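K.L.:
Quick one: the structure is below, and I'll ask about it shortly.
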Amino acid sequence: MKVTDIIEKLNLKVIAGAEGLQNKVTGGYTSDLLSDVMGNADEGQVWITLQTHRNVMAVASLKEVAAVIIVKGLEAEESTISQSNNEGIPLLSSDLETFELSGQLYQLLHP
Amino acid sequence: MEFNYEVEGGNFAKAGYAASSVKKVLKELNVDPKIIKRVVVALYEGEVNVVAHAYRGNIKVDIDTERIFIEIKDEGPGIPDINLAMQVGYSTASAMVREMGFGAGMGLPNMKRNADTLDISSSVGKGTVVELTTYLVK
């Protein structure tokens, strides 16, 4: 499955990082603690979070996640958007809350 | 080869710069991706520690054919009780830092888990030196 498939099926909005829309998705990781993501997320996962600051993209890039989804329609900071574009890692947005979105992504990846 | 990076206390905008640069270098050197991942996690956490707790710091990364040695040296408040600081969940980070999703007390444990050796020496009121070694040849 690719990031574009997830966008379509979960009705996500692309905020930035369109260059990475063909990234392959291998799983998901839900956390708002950056050290938790640093320590435990894997390459190719989609990271679901409510954090909106630019350090999110620094972590996303270091871990080589497939994409980041910001929940609850929260707005990403300008610096987060520009870093997403620089890194080519898609920054996506959902109006859903973390629980619902994680559940839907899980179902999509484990039909 | 040796690389040096300066880290500014309190400047989260640049946190991750050293880790990102070192990652690129290690990729160019064709280091095993598993080793790169571990080094990047450990270095990033070290960088964030300096940003979150110290006034300024210096990171030295020395790479040879056998190992990657990283020294993170800061001028800062120091760590009064290193054993306590090593405990998962223990943190002295500010409310602002915690709100950003840092300061969960996972930094030093993540560093220990992702390096072959970790040595910390600290002097209260002066600063902290963290030394990490990752072996390329087992």
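K.L.:
Rolling a 1.4 Å sphere over the protein heavy atoms, what is the accessible area per residue of chain A, to the nearest Å²?
P.N.:
Per residue, chain A has 46 Å² of solvent-accessible surface.
K.L.:
To the nearest Å, what is the center-to-center distance of the range B:68-87 and the range B:97-117, using C-alpha atoms only?
P.N.:
Comparing the Cα centres of the range B:68-87 and the range B:97-117, I get a distance of 12 Å.
K.L.:
Okay, next question. Check the straight Cα-Cα distances from A:Lys2 and name the aspartates and glutamates below 15 Å, setting aside those fewer than 8 residues away within the same chain.
P.N.:
Straight-distance partners of A:Lys2: A:Glu19, A:Glu43, A:Glu64.
K.L.:
Project the alpha carbons of the range B:35-76 onto their principal axes and report the range along each, largest first, in whole Å.
P.N.:
33, 17, 7
K.L.:
Would you mind putting A:64-72, A:21-29 in packing order, based on average other-beta-carbon counts within 10 Å, highest first?
P.N.:
Listed from highest to lowest mean packing, they are A:64-72, A:21-29.
K.L.:
If you don't mind, there's one more thing I want to ask. Please compute P(r) over all alpha-carbon pairs of the range A:3-109, binned at 5 Å starting from zero, and give each bin as a whole-number percent.
P.N.:
P(r) for the range A:3-109, in whole percents per bin: 2, 15, 29, 29, 20, 5, 0.
K.L.:
Same structure again: Please report the equivalent ellipsoid semi-axes of chain B, computed as sqrt(5 x eigenvalue) of the Cα gyration tensor, largest first, in whole Å.
P.N.:
24, 15, 14
K.L.:
Please report the buried accessible area for the interface of B with A, total over both chains, probe 1.4 Å, in Å² to the nearest 100.
P.N.:
That pair of chains buries around 1600 Å² in total.
K.L.:
Right, another one. If you take each beta carbon of peptide B:91-103 and count the beta carbons of other chains within 10 angstrom, what is the mean?
P.N.:
Per residue, the number of nearby Cβ atoms from other chains is 3 on average.
K.L.:
Let me ask something else. Could you check which residue among B:Thr92, B:Thr117, B:Thr65 shows the biggest mean-square fluctuation in a GNM of chain B with a 10 Å Cα cutoff?
P.N.:
Of the options given, B:Thr65 has the highest mean-square fluctuation.
K.L.:
Students sometimes get this wrong: rank A:Ser102, A:Ser84 by accessible area, probe 1.4 Å, all chains present, largest first.
P.N.:
Highest to lowest solvent-accessible surface, that is A:Ser102, A:Ser84.
K.L.:
Sticking with this structure for a sec: Can you give the Rg and Dmax of the range A:33-83 based on its C-alpha atoms, in angstrom?
P.N.:
According to the Cα coordinates of the range A:33-83, Rg and Dmax are 10.1, 27 Å.
K.L.:
Right, next: Enter the angle in degrees (range 0 to 90, nearest 10) between the Cα long axis of helix B:33-53 and the first principal axis of the Cα atoms of chain B, meaning the one along which they spread out most.
P.N.:
So the inclination is approximately 30 degrees.
K.L.:
With N set to the number of residues, divide the alpha-carbon radius of gyration of the range A:1-59 by 2.2 N^0.38 Å and report two decimals.
P.N.:
Normalised Rg, Cα atoms only: 1.11.
K.L.:
Follow-up. Using a Cα-Cα cut-off of under 29 Å, which lysines could be cross-linked to B:Lys138, ignoring same-chain neighbours fewer than 8 residues away?
P.N.:
In chain and number order, the partners are A:Lys63, B:Lys23, B:Lys24, B:Lys27, B:Lys34, B:Lys37, B:Lys60, B:Lys73, B:Lys112.
K.L.:
Next question. Return the average number of partner chain Cβ atoms within 10 angstrom of each residue Cβ along peptide A:35-48.
P.N.:
Partner-chain Cβ atoms within 10 Å, mean over residues of A:35-48: 4.
K.L.:
Specify the angular offset, from 0 to 90 degrees and rounded to the nearest 10, of the alpha carbon long axis of helix B:17-28 from the longest principal axis of the alpha carbons in chain B.
P.N.:
The two axes meet at around 10 degrees.
K.L.:
Further, regarding this structure: Treat the protein assembly as shown as a sphere of radius equal to its Kirkwood radius over Cα pairs and apply Stokes-Einstein at 25 °C in a medium of 0.890 mPa s; give the translational diffusion coefficient in µm²/s, rounded to a whole number.
P.N.:
After rounding, the answer is 133 µm²/s.
K.L.:
Taking chain A as a Gaussian network, where each spring joins two C-alpha atoms under 10 Å apart, which residue of A:Leu50, A:Leu92, A:Leu62 fluctuates the most?
P.N.:
Answer for the Gaussian network model of chain A: A:Leu62.
The values are calculated or read from the model by the stated rules, or taken from the named source; none is laboratory data. What you are looking at is a predicted structure, and each value in this text was computed from that prediction instead of being measured. We place every Cβ from the backbone using ideal geometry, glycine too, and count neighbours over all the protein chains shown. To get the accessible areas, we keep the full protein, side chains included, count just its heavy atoms, and leave off ligands, DNA and RNA. Shrake-Rupley method; radii C 1.70, N 1.55, O 1.52, S 1.80 Å.
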